[in-house]
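Trainee: What follows is a single structure, and I will ask about it in a moment.
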Amino acid sequence: MSFYNGDSWGIDFGTTNSTLSAYIGGRYGSRSPSLVSFDDAGRPVPSVVAICKDSGVVYVGREAKKRHLSEPDRYEYIRSVKTILEDDAWHKTVAGKDWTAVDIAAEIFKKIKELAERQSYILKEAVVAVPNGATGKKRDKIMEAARIAGISIVQFVTEPLAAFFANYRTLRSERYVAVFDWGGGTLDITILENRADGKIVELAKEGLQLAGDDIDRAIAQDIHRRLCEFHGLDSSFSEMPYLARETLIEECERAKCELRDKDETDVSLLNYGGHIVSERLTRENLSVIARPFVKKALDCLSKAIDNSKLSRDDISKILVVGGSCKLRSVVESMAQMFPDRRDIVAVPKEAEWNVAKGSARIDLKKGQWFSAEDIGIILGDEGRTFYPLLHGFFNTSPSSLNHYNISSGFGIMDTSEYPRIVFAARDGYRHTRVLDATVVPRAYGFLTEKIELSLLVDDSLVLRVKIKSNRASEKDAIVWEYSDMRLVYEAPEVFPEGE
């Protein structure tokens with residue numbers, strides 16, 4: 001079998017589903033790279049893993065779900081592994097092998113790589129999207145999992161920013177865009193400014209741990225309530241057998257997806273704790289069940305717009321992506337927020353692949369990253385003087401984040417053993433906000449003592465600051481990190497013209 005290298009690769013490693021897209025250039029003699037999305041039976045890969053307790057054989061995605069639901073006692077089943085990556089204590093011993101959360105995540109990356117290999121492509125490097133505010137530790141764990149699978153992560157990008165680039169052709173003339181990324185595990189909202197000078201600026205970011213998985217469970221609980229009323233049962237959803245609950249949630253997720261294009265569908269199970277389930281789910285039923293979730297999501301959107309210092313009238317387009325975005329009540333509720341703007345909501349086709357597509361585009365046309373704010377410290381007890389350590393894009397001499405690495409030293413004015421360092425950010429309007437005021441490295445009170453700050457930004461796009469006294473040893477150093485920087489991206493060329 002002959003294999004071909006892709007020009008660029010983008011991965012959306014999701015809580016519920018994962019996707020892969022790539023720009024492939026020259027395979028058939030074409031002049032421009034073509035965008036290819038790799039799927040598993042026409043759909044994204046469920047981010048689940050099942051391990052046989054007898055043989056240790058690993059299954060990923062839909063096959064893992066199938067085996068888990070058919071023989072739950074025979075398989076160790078792990079879902080939403082992205083939510084436990086930072087838990088160093090998490091582990092499972094299956095068939096004599098110890099598994100960490102990183103090992104489980106690596107199996108999902110292996111499955112993603114396999115999708116490329118099925119079509120004779122070699123996936124070695126990729127840009128990977130992460131949610132807003134993903135910590136440095138989580139990004140490090142994702143990078144380690146990908147490495148185990150044989151994939152080098154060359155850059156991280158936030159999921160909303162990737163979604164914007166996936167739809168740049170239709171958004172290039174829009175000045176202020178709200179990206180509403182609602183997947184299975186999280187809601188991420190970013191307000192972007194698309195500047196005439198080619199820079200894309202993150203003005204504000206908000207998010208919730210509330211998404212499609214929660215709605216699926218709520219639908220299942222409603223079906224359970226109906227069943228109990230019909231049969232006169234007195235048992236809560238949580239009291240039902242584990243397999244019954246899981247099977248019903250899976251069936252409700254399927255029904256929810258069908259209601260994207262249908263007015264009604266059936267939720268059916270032959271054995272739900274000894275009972276037959278046969279319930280009709282209509283679009284109206286779903287709208288009522290999802291209403292509190294949608295309200296919280298739109299409240300989050302309003303908060304993001306407020307924090308961006310823009311008005312609703314300033315927003316020219318709302319890009320709605322992610323699996324949960326296809327709930328009709330989401331778009332209908334947004335239309336009510338903007339009653340005079342019928343065309344403000346944009347829902348792209350194949351929205352589940354948008355984040356991976358945008359990541360691949362960023363990999364294809366690598367640009368410069370900047371901070372949307374100056375990052376620095378507050379000097380003096382009165383807290384009036386801001387001293388920048390990293391210059392934002394609006395500064396006369398902005399600091400590129402691409403492998404940013406500098407060191408600075410500061411004297412201390414008292415003999416406190418644990419002096420306080422106050423980190424802050426200053427925007428283009430010279431408004432300063434405190435980021436963290438609890439950093440306390442050990443000091444020794446010498447007149448010649450200096451507190452050293454070493455700043456580093458690597459491909460994880462997390463600002464890490466190592467802090468120590470020049471009189472202290474390395475073991476006394478502490479590290480402060482800022483993983484939710486408001487970013488600016490400047491692409492030399494956004495897309496190839498051939499797509």
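The values are calculated or read from the model by the stated rules, or taken from the named source; none is laboratory data. Just so you know, these numbers come straight off a predicted model, no measurement behind them. Positions of Cβ are backbone-derived with ideal geometry, glycine not excepted, and every protein chain shown enters the neighbour counts. Note: areas computed on protein heavy atoms with side chains; ligands, DNA, RNA excluded. Shrake-Rupley method; radii C 1.70, N 1.55, O 1.52, S 1.80 Å.
Trainee: From the list Ala149, Ala196, Ala134, pick out the single residue that is small (Gly, Ala, Ser), on the phi < 0 side of the Ramachandran plot and at pLDDT 95 or above.
Mentor: Answer to the selection: Ala149.
Trainee: Of Ile189, Ile249, Ile215, which residue is under 30 Å from Lys66 (Cβ atoms), at pLDDT 90 or above and in contact with a Leu (Cβ under 8 Å, 6 or more places away or on another chain)?
Mentor: Ile215
Trainee: State whether one or more residues within the range 301-316 are among the basic types (Lys, Arg) and open to solvent by less than 70 Å² (accessible area, probe 1.4 Å).
Mentor: no
Trainee: Further question: Can we say Gly376 is at pLDDT 85 or above and within 30 Å of Val179 (Cβ to Cβ)?
Mentor: yes
Conditions (1) at positive phi; (2) among the hydrophobic types (A, V, I, L, M, F, W, C), marked per residue:
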{"site": "Tyr387", "(1), (2)": "no, no"}
{"site": "His391", "(1), (2)": "no, no"}
{"site": "Asn405", "(1), (2)": "no, no"}
{"site": "Ile412", "(1), (2)": "no, yes"}
{"site": "Asp427", "(1), (2)": "no, no"}
{"site": "Arg430", "(1), (2)": "yes, no"}
{"site": "Val434", "(1), (2)": "no, yes"}
{"site": "Val439", "(1), (2)": "no, yes"}
{"site": "Tyr444", "(1), (2)": "no, no"}
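Trainee: Just give me the residues in the range 72-127 being of a type in the set (Val, Ile, Thr), open to solvent by less than 80 Å² (accessible area, probe 1.4 Å) and not in a helix (DSSP H, G or I), in sequence order.
Mentor: Across the range 72-127, the qualifying residues are Ile78, Val94, Thr100, Ile122, Val127.
Trainee: If we keep just the residues of the range 329-365 that are in a helix (DSSP H, G or I) and acidic (Asp, Glu), which is nearest to Ala163 (Cα to Cα)?
Mentor: Residue satisfying both the conditions and the ranking: Glu352.
Trainee: Please tell me if Thr186 is buried (at least 24 other Cβ atoms within 10 Å of the Cβ) and either under 20 Å from Lys309 (Cβ atoms) or without any contact (Cβ under 8 Å) to a residue 40 or more places away in the chain (or both).
Mentor: no
Trainee: Of all residues in the range 161-186, which are among the small types (Gly, Ala, Ser) and touching a helix residue (DSSP H, G or I) at 6+ places or on another chain (Cβ under 8 Å)?
Mentor: Correct list: Ala162, Ala163, Ala166, Ala178, Gly183, Gly184, Gly185.
Trainee: I've got another one for you. Quick check on my filter: what residues within the range 55-71 are surrounded by fewer than 14 Cβ atoms within 10 Å (Cβ to Cβ) and among the basic types (Lys, Arg)?
Mentor: The one that is surrounded by fewer than 14 Cβ atoms within 10 Å (Cβ to Cβ) and among the basic types (Lys, Arg): Lys66.
Trainee: Give me the pairs, please: first residue somewhere in the range 197-220 and closer than 13 Å to Thr186 by Cα, second residue anywhere and of a type in the set (Phe, Trp, Tyr) and open to solvent by 10 Å² or more (accessible area, probe 1.4 Å), beta-carbon distance under 6 Å, and either six or more positions apart or on two chains.
Mentor: These pairs meet every condition: Ile215/Phe293.
Residues are listed down the side, and each one gets a yes or a no for (1) farther than 25 Å from Ser47 by Cα; (2) among the hydroxyl-bearing types (Ser, Thr, Tyr):
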position: Val321; (1), (2): no, no
position: Lys326; (1), (2): no, no
position: Gln336; (1), (2): yes, no
position: Asp340; (1), (2): yes, no
position: Ile344; (1), (2): yes, no
position: Ala351; (1), (2): no, no
position: Val355; (1), (2): no, no
position: Ser359; (1), (2): no, yes
position: Asp363; (1), (2): no, no
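Trainee: Looking at the range 241-276, which of its residues are in contact (Cβ under 8 Å) with a residue 40 or more places away in the chain, of a type in the set (Lys, Arg) and either open to solvent by 70 Å² or more (accessible area, probe 1.4 Å) or touching an Asp or Glu at 6+ places or on another chain (Cβ under 7 Å) (or both)?
Mentor: Once the filter is applied, which keeps residues that are in contact (Cβ under 8 Å) with a residue 40 or more places away in the chain, of a type in the set (Lys, Arg) and either open to solvent by 70 Å² or more (accessible area, probe 1.4 Å) or touching an Asp or Glu at 6+ places or on another chain (Cβ under 7 Å) (or both), the range 241-276 yields only Lys256.
Trainee: Tell me, which residue of the range 191-217 that is assigned to a strand (DSSP E or B) and either among the aliphatic types (A, V, I, L, M) or within 17 Å of Gly14 (Cβ to Cβ) (or both) is most open to solvent (accessible area, probe 1.4 Å)?
Mentor: Leu208
Trainee: Got at least one residue in the range 151-174 being over 23 Å from Leu364 (Cβ atoms) and either without any contact (Cβ under 8 Å) to a residue 60 or more places away in the chain or surrounded by fewer than 22 Cβ atoms within 10 Å (Cβ to Cβ) (or both)?
Mentor: No; the residues of the range 151-174 include none that is over 23 Å from Leu364 (Cβ atoms) and either without any contact (Cβ under 8 Å) to a residue 60 or more places away in the chain or surrounded by fewer than 22 Cβ atoms within 10 Å (Cβ to Cβ) (or both).
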